[in-house]
Amino acid sequence: MALIKSISGIRGTIGGMVGENLTPQDIVACTAAFGYWTLQKTNNPKIVVGRDARVSGQLVNNLVVSTLQFLGISVVDLGLSTTPTVEVAVTEEKAGAGIVLTASHNPKQWNALKFLNEKGEFISAQDGEDVLELIEAGTIVYPDINKLGTYSLRHDYIHIHIQKILDLPLVNVEAIKAKRFKIVVDAVNSTGALALPPLLEELGCEVILINGEPNGEFAHNPEPLPEHLSQLCFEVVKQHAHLGICVDPDVDRLAFVSEDGEPFGEEYSLVAVADYVLKHTPGATVSNLSSTRALRDVTQRYGQRYLASAVGEVNVVAKMKEFDSPIGGEGNGGIIYPALHYGRDAMVGVALFLSHLAEAGKTMSQLRHTYPSYHIIKSKIELTPDIDYHKLIVKLSEKYQHENINTIDGLKIDLEIGWVHLRKSNTEPIIRIYAEGSSEVIADNLADKIKSDMNNIIRGF
């Protein structure tokens, strides 16, 4: 069981001790701090709240909404929604902030509060530090009974979000409709079941929905990695579908399956969408340090510049703004398309991808073969209290000082044959280890080598 307070919000497991898990007291304290900070920062007493379909979601929602109202903040509650939909709603409502209740890809015992600013974007590192200080200090002042916040429930924002996507110039609605794609959607028993079918139906697609009851009882591990997509792969072949789509519980990560039942690769969701966007809108692309080299390669095909940021949506967005990038995101299937909003959005990713597929006139598997083939290994080790993470990074940096290394976010070692990146997770008590090479053997060897080095250093602590 765990509780993680970070600059991006609070995340933890339901049940257990106060201060060690995501308990009602912790939820109220963190909500109060963020609400109070929002009032001081923006003087705008309106916050948009939305949640995924987790079992604990409604209970957490009740605590969050009531706490905000006690602060004198008016709440626009989207109910069951998606993270990108909440982001869109913040600006539409001209709200001072947003809170998304979701633990993203974590299992069902987890939940979290993700904090958005008045632009519908994740709050900055400095703003996050200010909120954390308020949480620790607990110096919250509540107004009297005459100044309680109001409450309104809105069920139409997913439709508003969909319409904004359909109105984008690069979403080729007619070309998609002409293809009459048959698509299997794995909504992993969360709000993708409410968002993807209506979007796809507006695009003239036939939708076969699996794991479509939004009850939070995830039918499989909710992270959209290839090893978790076996049911989707099977159904795509069985249904003779053109493709399969899987999203995570809050619909900000996106993975595809080709018509032959093979995973397209979550890393290649962004690569394919970037390929399409760059054909129409030249500019730099951005992904994080843990993302595939394939995005760099595709970007350079168009004579454009590729840039890497630290891991984390807020870091990718900052660099995209700095270089006015028309497309970017994270290799975990997180696509950020600024023409709509600065946030990972599986829904706009689907619409852009289908536009690309329709215009290309290729099958999914044929399209995949047009991209460089890299193999990425995503591993992790538990970050136990006896591991000195900072010392570990220093020791590894010294060991690989003669290689091309980057320490802006953990340690990335770039080699001719591939790369390896290790960093402390912002959402779980683990150290993530990603390695990529031109073959699976190379990627495996890189990951195994860095794990061996880490274990040797840890034993020396």
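Matching residues to (1) in a strand (DSSP E or B); (2) more than 27 Å from the chain's Cα centre (by Cα); (3) not small (Gly, Ala, Ser):
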| site | (1), (2), (3) |
| --- | --- |
| 111 | yes, no, yes |
| 120 | no, no, no |
| 127 | no, no, yes |
| 130 | no, no, yes |
| 133 | no, no, yes |
| 140 | no, yes, yes |
| 143 | no, yes, yes |
| 149 | no, yes, no |
Exercise. What pairs come up if the first residue lies in segment 44-64 and is in contact (Cβ under 8 Å) with a residue 12 or more places away in the chain and farther than 12 Å from residue 75 by Cβ, the second is aromatic (Phe, Trp, Tyr) and part of a strand (DSSP E or B), and their beta carbons are under 9 Å apart, counting only those six or more places apart or on different chains?
Worked result: 54/110; 56/110
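If a residue must be assigned to a strand (DSSP E or B) and either small (Gly, Ala, Ser) or free of Cβ contacts under 8 Å to residues at least 24 places away in the same chain (or both), how many such residues does segment 65-82 contain?
Residues in segment 65-82 being assigned to a strand (DSSP E or B) and either small (Gly, Ala, Ser) or free of Cβ contacts under 8 Å to residues at least 24 places away in the same chain (or both): 2 in total.
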For this session: Scan segment 94-116 residue by residue and report those that are without any contact (Cβ under 8 Å) to a residue 60 or more places away in the chain and surrounded by fewer than 20 Cβ atoms within 10 Å (Cβ to Cβ).
Result: 94
Exercise. (1) among the hydrophobic types (A, V, I, L, M, F, W, C); (2) part of a loop (DSSP other than H, G, I, E, B); (3) free of Cβ contacts under 8 Å to residues at least 40 places away in the same chain: which one isn't true of residue 307, the others all being true?
Worked result: (2)
Problem set entry | Residue identified as touching a Pro at 6+ places or on another chain (Cβ under 6 Å) and not in a strand (DSSP E or B) among 198, 214, 222 | 222
Exercise. Given (1) of a type outside the set (Val, Ile, Thr); (2) more than 20 Å from residue 341 (Cα to Cα); (3) assigned to a helix (DSSP H, G or I), where does residue 189 come up short, assuming only one miss?
Worked result: (3)
Seminar exercise, completed: Within segment 338-380, the residues that are assigned to a helix (DSSP H, G or I), among the polar types (S, T, N, Q) and surrounded by 15 or more Cβ atoms within 10 Å (Cβ to Cβ) are 355
Exercise. Is there a residue being touching a Pro at 6+ places or on another chain (Cβ under 9 Å), under 27 Å from residue 317 (Cα atoms) and in contact (Cβ under 8 Å) with a residue 40 or more places away in the chain anywhere in segment 124-139?
Worked result: no
For this session: Return a yes/no flag: does segment 249-257 have any residue that is of a type in the set (Asp, Glu), under 17 Å from residue 52 (Cβ atoms) and either in contact with a strand residue (DSSP E or B) (Cβ under 8 Å, 6 or more places away or on another chain) or in a strand (DSSP E or B) (or both).
Result: yes
Problem set entry | Any chance residue 329 is at positive phi, surrounded by fewer than 21 Cβ atoms within 10 Å (Cβ to Cβ) and of a type outside the set (A, V, I, L, M) | no
For this session: Could you identify the single residue in 143, 169 that is touching a helix residue (DSSP H, G or I) at 6+ places or on another chain (Cβ under 9 Å) and under 18 Å from residue 43 (Cβ atoms)?
Result: 143
Exercise. So which of 273, 298, 314 is part of a helix (DSSP H, G or I), in the same structural domain as residue 334 (by TED's automatic domain parsing) and at pLDDT below 95?
Worked result: 314
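Just need a number here: residues in segment 6-18 that are surrounded by fewer than 18 Cβ atoms within 10 Å (Cβ to Cβ) and not aliphatic (A, V, I, L, M).
The number of residues fulfilling the criteria is 3.
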Exercise. Across segment 217-258, what is the number of residues that are surrounded by fewer than 24 Cβ atoms within 10 Å (Cβ to Cβ), among the small types (Gly, Ala, Ser) and under 20 Å from residue 345 (Cα atoms)?
Worked result: 0
Exercise. Tell me, which residue of segment 19-69 that is among the charged types (D, E, K, R) and surrounded by fewer than 24 Cβ atoms within 10 Å (Cβ to Cβ) is modelled with the lowest pLDDT?
Worked result: 20
Problem set entry | Residue selected from segment 259-270 under the condition outside any loop (DSSP other than H, G, I, E, B) and touching a Phe, Trp or Tyr at 6+ places or on another chain (Cβ under 7 Å), by the criterion surrounded by the most Cβ atoms within 10 Å (Cβ to Cβ) | 269
Exercise. From the residues in segment 381-393 that are surrounded by 14 or more Cβ atoms within 10 Å (Cβ to Cβ) and without any contact (Cβ under 8 Å) to a residue 60 or more places away in the chain, which one is nearest to the chain's Cα centre (by Cα)?
Worked result: 383
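The values are calculated or read from the model by the stated rules, or taken from the named source; none is laboratory data. Quick caveat: nothing in here was measured; it's all calculated off a predicted structure. Please note: Cβ atoms are built from the backbone with ideal geometry, for glycine as well, and neighbour counts cover all protein chains shown.
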